[in-house]
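Structure first, commentary second.
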């Protein structure tokens, strides 16, 4: 384990990840296809050919760089040209799912339960949240006013959920941090705090990032 918390074998697995991207891109592939391709191309110092290939593929899946796409089939999960925020958005659902498994329950009970209304109700961990759409043009001050108005007008909600395309995950995080930094509060003087965040959606090209916020508990 290095000083950044990365496993010792990461330097052995990452070159293979680059070769997989160079050869297959976004397309799924079988381990045997990869092995045949590596055998047909002389090692150039960037990888170790097919030596320990199953172990290195398993490591790339564990890191989140690849995902399994069926029996003995794989696909790149995080593209090398994407930003760190985009990688975070892609990997966060795994962390949330693992957290739920550890605690023995599926706590998310409304991943798409908004009735088709982007500003409708979404339930999370037994609480009701009102949807609020945000994007790169959203201002922290304007957002604070909108959140305060929502909770004042609809006190039945426990909080709000900021919704944006997954590619805007960094923007949503920045807005949530900005609310806290400026000391934004609800009508009762309680500061907004992060509850959790998720990425939802079945289409990898149309994922949605959701940040749940609620007034801090007394």
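Kindly establish whether residue 32 is farther than 26 Å from residue 88 by Cα, over 21 Å from the mean Cα position of the chain (by Cα) and modelled with pLDDT under 80. Here the answer is no, as residue 32 does not meet what is asked. If the condition is being at pLDDT below 80, surrounded by 11 or more Cβ atoms within 10 Å (Cβ to Cβ) and not in a loop (DSSP other than H, G, I, E, B), then region 96-128 contributes 96, 97, 99, 100. The residue of region 193-218 that is farthest from residue 128 (Cα to Cα), among those that are at pLDDT below 80 and out of contact with any helix residue (DSSP H, G or I) (no Cβ under 9 Å at 6 or more places or on another chain), is 205.
Of the residues making up region 138-156, one or more are under 22 Å from residue 84 (Cα atoms) and touching a helix residue (DSSP H, G or I) at 6+ places or on another chain (Cβ under 7 Å). I need the full set of residues from region 56-77 which are closer than 17 Å to residue 11 by Cβ and in a loop (DSSP other than H, G, I, E, B), in order please. Across region 56-77, the qualifying residues are 64, 65. When you look at residue 58, is it over 20 Å from residue 82 (Cα atoms), at pLDDT 65 or above and touching a strand residue (DSSP E or B) at 6+ places or on another chain (Cβ under 8 Å), yes or no? So residue 58 fails the test. Just to be sure I understand the filter: pairs with C-beta atoms under 6 Å, separated by 6 or more residues or on different chains, first member in region 82-104 and in the same structural domain as residue 169 (by TED's automatic domain parsing) and farther than 12 Å from residue 166 by Cα, second member buried (at least 18 other Cβ atoms within 10 Å of the Cβ) and at pLDDT 80 or above. Which pairs pass? The qualifying pairs are 96/198.
Residues that are outside any strand (DSSP E or B), at pLDDT 80 or above, touching a helix residue (DSSP H, G or I) at 6+ places or on another chain (Cβ under 6 Å) and closer than 27 Å to residue 84 by Cβ do not occur anywhere in region 182-192.
The values are calculated or read from the model by the stated rules, or taken from the named source; none is laboratory data. These figures come from a predicted structure and were not determined experimentally. All Cβ positions, glycine included, derive from the backbone under ideal geometry; neighbour counts span all protein chains shown.
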